[in-house]
Amino acid sequence: MSQGTLYVGESSRGLLLKGLIKHYKLDINVTDRDATYQKLFPLGKVPAFVGPKGYKLTEVIAIVLYVISLGDEKSPLLGKNNREYAQIIRWLSLANSEWLPAIGSAFGPLIGRVPYNKKQVTDSSAAADKVASVFEARLAEFTYLVGERITLADLFAASLATRGFNYLWGKEWRAKYPNVVRWFTTVTAHPILADQYKNFEFRDAPVEFTPPKKEKKEQAPKAAAPKAAPKPAAEAPAEPAPKPKHPLELLGKSTNFNLDEWKRFYSNEETRETALPWFWEHYDPSEWSLWRVDYKYNDELTLTFMSNNLLGGFFNRLSASTKYLFGSGVVYGENNNNGIVGVFLVRGQEHEPAFNVAPDWESYSFAKLDPSKPEDKTFVDDVFAWDKPLTINGETREVADGKVFK
């Protein structure tokens with residue numbers, strides 16, 4: 001009987017799990033996300049595990065420990081005693097909650113996984129190096145992270161550090177952290193990881209961000225020069241072409257709802273007590289519409305402040321639609337388990353003309369809200385106010401941070 005199915009994708013969190021399954025000869029099917037996965041794990045996080053009789057696990061540390069228990073309940077990878085085991089959990093947590101998110105947020109913009117933000121790359125690289133310094137200090141005096149032999153702490157942390165060596169850490173970085181490099185080379189040569197790293201190569205320099213090239217318009221071939229002809233009378237210089245108008249300008253000014261007045265109310269008055277009553281009193285659904293906006297790739301988000309930076313970048317790129325939009329966006333949840341959602345007031349009944357000014361607008365999904373429904377009206381109030389937890393996919397999530405577009 002199969003011991004279960006593991007959903008891992010291509011994340012570095014899956015490297016160790018694949019090695020453990022092969023090492024212990026476990027009957028676990030390793031696959032990518034499919035329709036069954038979507039039904040069983042609505043949060044969309046990987047890795048995820050489902051075993052016999054519907055036994056489910058999420059969170060990589062829990063899954064790694066369970067997989068080891070299937071192979072060897074008394075595995076030496078878990079230390080010689082409870083004190084070593086506690087130290088192993090300590091390093092697992094540090095690598096998973098601090099090192100990997102910083103590494104991911106540093107290289108993601110460089111390779112085009114998320115929109116490029118120089119400050120995010122700089123800050124995240126510094127955060128990753130700060131954690132690397134903790135590892136370097138330990139490994140300057142000891143061969144391994146816990147005890148005198150390889151443990152799960154080494155295998156796990158080395159696999160999570162992989163993307164740093166893939167994309168960020170060139171010769172200069174490796175010269176600064178020689179003990180981390182020595183440790184990484186030693187640990188990835190262990191039989192559990194060796195197959196995953198047999199063709200691994202260090203890079204000379206960090207990957208550099210390359211802005212996407214603008215497509216050049218093909219020019220029509222020049223016609224042959226005509227024969228000399230009498231010169232026409234001098235023509236008046238052509239007037240410059242008029243600046244393209246925003247498509248929503250065709251709707252004209254709103255007659256019943258003053259957007260600028262609403263923005264002043266929202267900025268200067270108490271949200272629940274004053275601003276929201278004013279909003280609902282003046283809101284005109286014949287001229288305006290309300291839209292829920294969800295980020296599509298919440299499973300790739302890491303630290304909440306980085307998610308908030310991502311949201312802020314999206315808002316900045318909407319500036320061409322300032323006269324036709326008001327929005328509030330929030331980051332809900334906590335580090336390594338958060339998401340982005342917002343509510344926008346949009347001139348007209350369609351969202352696309354307002355949002356397609358931002359090159360990353362297709363990274364978000366849009367759903368029209370109906371404030372005549374109590375649940376939609378409450379959702380608008382809560383996202384505008386930020387003072388209550390939100391209900392997301394049936395789960396209560398605390399608001400961690402947010403941005404306002406006005």
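The values are calculated or read from the model by the stated rules, or taken from the named source; none is laboratory data. Every value quoted in this text rests on a predicted model; they were computed, and no experiment measured them. With ideal geometry, Cβ positions are generated from the backbone for all residues, glycine too; neighbour counts draw on all protein chains shown. Surface accessibility is based on the protein's heavy atoms, side chains included, excluding ligands, DNA and RNA. Shrake-Rupley method; radii C 1.70, N 1.55, O 1.52, S 1.80 Å.
Remarks
- Subset tally (residues that are in contact with a Ser or Thr (Cβ under 9 Å, 6 or more places away or on another chain) and of a type in the set (Phe, Trp, Tyr)) for region 348-406: 5
- Ala400 being in a loop (DSSP other than H, G, I, E, B), under 21 Å from the mean Cα position of the chain (by Cα) and at negative phi: no
- Subset of region 10-40 [in contact (Cβ under 8 Å) with a residue 12 or more places away in the chain and small (Gly, Ala, Ser)]: Ser11, Ser12, Gly14, Gly19
- Scanning region 319-333 for residues that are surrounded by 21 or more Cβ atoms within 10 Å (Cβ to Cβ) and hydrophobic (A, V, I, L, M, F, W, C) yields Leu325, Phe326, Val330, Val331.
- If you go through region 8-30 and pick out every residue that is on the phi < 0 side of the Ramachandran plot and either in the same structural domain as Ala153 (by the TED database) or modelled with pLDDT under 90 (or both), you end up with 7.
- Restricted to helices (runs of 4 or more DSSP H) entirely inside region 136-189, those with at least 1 residues that are buried (at least 24 other Cβ atoms within 10 Å of the Cβ) are 152-160, 178-188.
- Scanning region 97-117 for residues that are touching a residue at least 40 places away in the same chain (Cβ under 8 Å), open to solvent by 30 Å² or more (accessible area, probe 1.4 Å) and assigned to a helix (DSSP H, G or I) yields a single hit, Ser97.
- Members of region 1-12 found to be closer than 17 Å to Asp195 by Cβ and crowded, with 17+ Cβ neighbours inside 10 Å, listed by number: Leu6, Val8, Ser12
- Filter pass, Ile61 being assigned by the TED database to the domain that holds Arg138, part of a helix (DSSP H, G or I), open to solvent by 20 Å² or more (accessible area, probe 1.4 Å) and closer than 27 Å to Ala127 by Cα: no
- You will find that of Lys25, Lys53, Lys18, the residue that is part of a loop (DSSP other than H, G, I, E, B) and more than 23 Å from the chain's Cα centre (by Cα) is Lys25 and no other.
- Filtered residues of region 355-406 (kept if of a type in the set (Ser, Thr, Tyr) and either surrounded by fewer than 17 Cβ atoms within 10 Å (Cβ to Cβ) or over 29 Å from Asn268 (Cβ atoms) (or both)): Ser363, Ser365, Ser372, Thr378, Thr391, Thr396
- Exclusive hit being closer than 26 Å to Asn337 by Cα and either in contact with a strand residue (DSSP E or B) (Cβ under 9 Å, 6 or more places away or on another chain) or of a type in the set (Lys, Arg) (or both), set Leu57, Leu26: Leu57
- Enumeration of residues in region 269-298 that are in contact with a Phe, Trp or Tyr (Cβ under 8 Å, 6 or more places away or on another chain), closer than 23 Å to Val331 by Cβ and polar (S, T, N, Q): Thr271
- Pick from region 190-208, criterion exposed (fewer than 15 other Cβ atoms within 10 Å of the Cβ) and part of a helix (DSSP H, G or I), ranking: modelled with the lowest pLDDT: Asp195
- Hits in region 260-306 (condition: in contact with a Gly (Cβ under 8 Å, 6 or more places away or on another chain) and either farther than 18 Å from Asp387 by Cα or of a type in the set (Lys, Arg) (or both)): Glu287, Trp288, Ser289, Arg292, Val293, Asp294, Tyr295, Asn298, Asp299, Glu300, Leu301, Thr302
- Of the residues examined, Leu94 is not one that is buried (at least 21 other Cβ atoms within 10 Å of the Cβ), outside the structural domain of Tyr66 (by the TED database) and closer than 21 Å to Ile68 by Cα.
- Flag for Tyr37 being open to solvent by less than 30 Å² (accessible area, probe 1.4 Å), in a helix (DSSP H, G or I), hydroxyl-bearing (Ser, Thr, Tyr) and over 30 Å from Ser125 (Cα atoms): yes
- Close pairs (9 angstrom Cβ cut-off, 6 or more residues apart or separate chains): at positive phi in region 62-80, open to solvent by 20 Å² or more (accessible area, probe 1.4 Å) anywhere: Gly79/Tyr85; Gly79/Ala86; Gly79/Gln87; Gly79/Gly147
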